[in-house]
Amino acid sequence: MRVLQFESTGTLAALNMLDRLEPVPGVGESLIRVHAAGLNPSDVKNVLGRFPYTTLPRTPGRDFAGTVVAGPDAWVGRSVWGTGRELGFTRDGSHADYMTVPSAALVEKPACLSFAEAAACGVPYVTAWDGLQRAGVGKGTRVVVIGAAGAVGSAAVALATSMGAEVVAAVRRSEQADQLGRQGYRTIVMNNESPFEHSVRALFADGADVIFDTTGFWLAGAITALAPYGRVAIIAAPADGHERVPVLDLYRKAGAIIGVNSLLHDAIGASAMIAQIGAAFQSGRIPPPAAPVETAFDEAIAHYKSVNEGFAGKIVFTMGAKEA
């Protein structure tokens with residue numbers, strides 16, 4: 001089988017496409033024929049050595065969609081999808097023709113999603129789901145999603161809407177706002193013409209209950225735009241990991257900052273979220289994700305390089321399987 005593998009970290013030159021035997025599932029594991037695998041920025045950072053707990057040699061790849069070919073009888077032949085913190089870090093991941101996962105992590109792929117669509121969802125949707133749940137988003141919650149045009153942001157907008165929240169999508173460019181507006185969302189264009197707090201309060205007079213910053217660059221501004229008892233959920237940080245924040249403002253509002261990290265959820269833990277997200281897709285409560293950029297698996301290394309150079313689209317490697 002074809003498999004991406006790196007035996008050292010620090011440079012993408014360490015990543016190679018190799019020919020290896022199919023893995024043999026152990027006790028409590030299932031073998032999956034991977035039909036599509038998502039490429040996340042964290043996969044690229046993993047090869048570059050940003051995660052000290054990664055064990056080598058390793059096949060990267062966190063997100064997958066495929067068919068079970070060996071494992072519990074009830075699962076063999078079924079289409080599945082998933083993600084997990086250990087995939088690509090401490091056990092071989094999805095950037096291969098075959099992979100093994102714990103059988104307890106198996107979740108049936110929604111029939112309404114193609115393999116490529118399902119493989120594009122793992123990390124972004126689990127991150128969004130986790131952040132919204134931990135921020136207490138529900139019916140009537142006033143939510144602003146910063147970076148709503150990105151993978152996590154668009155997932156958060158869709159999921160928060162399905163939870164009954166009053167959602168505002170905040171983006172940097174007017175064309176992004178126009179596109180989201182055509183989908184029925186209220187929008188904010190984040191620029192120098194109007195302070196973020198003023199834009200939020202024009203829609204929510206006493207501020208937002210929850211601001212989900214999917215970019216990591218708006219923490220200070222988000223705090224000023226909160227309502228009393230509001231929460232800021234954040235998934236990233238500046239390069240040096242530090243940010244100056246208006247702590248007095250946070251204190252006076254009895255506000256809270258919630259860090260959201262999908263790498264805290266292993267494949268079994270993530271499967272519970274994946275199952276609920278899949279039910280939302282299947283029922284039509286959330287629309288399918290934006291179409292990913294599908295590319296042949298043989299071209300994977302070139303796309304690792306493009307993501308490292310700043311490509312922002314969602315890339316999915318396809319292994320040539322038929323849809324199911």
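The values are calculated or read from the model by the stated rules, or taken from the named source; none is laboratory data. Quantities reported herein were computed from a predicted structural model and do not represent experimental measurements. Glycine also receives a Cβ, built like all others from the backbone with ideal geometry; neighbour counts cover every protein chain displayed. Accessible surface is based on the protein model in full, side chains and every heavy atom, while ligands, DNA and RNA are left aside. Shrake-Rupley method; radii C 1.70, N 1.55, O 1.52, S 1.80 Å.
Defining a contact as two alpha carbons under 8 Å apart and six or more residues distant in sequence, what relative contact order in percent does the chain show?
20
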In whole percent, the fraction of accessible protein surface over the stretch 165-295 that belongs to carbon or sulfur atoms, probe radius 1.4 Å, stands at 53
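Find me the longest stretch of the chain that has none of the exposed GluC sites (Glu not before Pro), where exposed means in a DSSP loop (not H, G, I, E or B) with at most 14 other Cβ atoms within 10 Å.
By the stated rule (loop sites, at most 14 other Cβ atoms within 10 Å), 8-192.
How long are the three semi-axes of the equivalent ellipsoid for the chain, computed from the Cα gyration tensor as the root of 5 times each eigenvalue, in whole Å, largest first? Each step should come with its number before you reach the end.
Working: eigenvalues 250, 88, 61 Å².
Equivalent ellipsoid of the chain: 35, 21, 18 Å, largest first.
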Here the stretch 202-214 yields Karplus 3J(HN,Hα) values (6.51, -1.76, 1.60; θ = phi - 60°; whole Hz; Gly and Pro given as x) of 5, 9, 10, 4, 9, x, 8, 6, 9, 10, 9, 8, 8
CD proxy, 222 nm, the chain: helix-only mean residue ellipticity via -39,500 (n - 2.57) per DSSP H run with n ≥ 4, per residue, nearest 500, stands at -8000 deg cm²/dmol
Treating only Lys and Arg (+1) and Asp and Glu (-1) as charged, each at its beta carbon, one finds that the chain has a dipole about its Cα centre, in Debye to the nearest 20, of 580
If one compares the long axis through the Cα atoms of helix 267-283 with the longest principal axis of the Cα atoms of the chain, the angle in degrees, nearest 10, works out at 70
Normalised per residue, the volume inside the convex hull of the alpha-carbon atoms of the stretch 1-76 in Å³ amounts to 103
Expected sort for 38-50, 229-241, 139-151 on mean C-beta neighbours within 10 Å, highest first, is 139-151, 38-50, 229-241
Probe 1.4 Å, all chains present, heavy atoms only: residue 92 accessible area in Å², nearest 10, is 70
SASA check, residue 185, accessible area w/ 1.4 Å probe, all protein chains in place, rounded to nearest 10 Å², comes out at 50
Counting sequence-distant residues (5 or more places) and residues on other chains, those with an amide H built under 5 Å from that of residue 208 are 226, 227
From the cross-link list 109/139; 45/253; 139/305, the entries with a Cα-Cα span beyond 30 Å are 45/253; 139/305
Straight-line reach check, residue 314, cutoff 14 Å on alpha carbons, 8 or more apart in-chain or any other chain, hits among aspartates and glutamates -> 43, 63, 117, 294
Row for the stretch 1-155, column shape: gyration tensor on C-alpha, a ≥ b ≥ c, rounded if a/c < 1.5 i.e. under 1.5, prolate if a/b over b/c, else oblate; value oblate
Given 37 °C, 0.692 mPa s and a Kirkwood radius over Cα pairs, the Stokes-Einstein diffusion coefficient of the stretch 186-319 in µm²/s is 182
For the stretch 1-41 the trypsin sites (Lys or Arg not before Pro) that pass both the DSSP coil test and the at-most-14 other-Cβ-within-10 Å test are 20
Between the Cα axis of helix 151-162 and the main Cα principal axis of the chain, the angle (0 to 90°, nearest 10) is 70
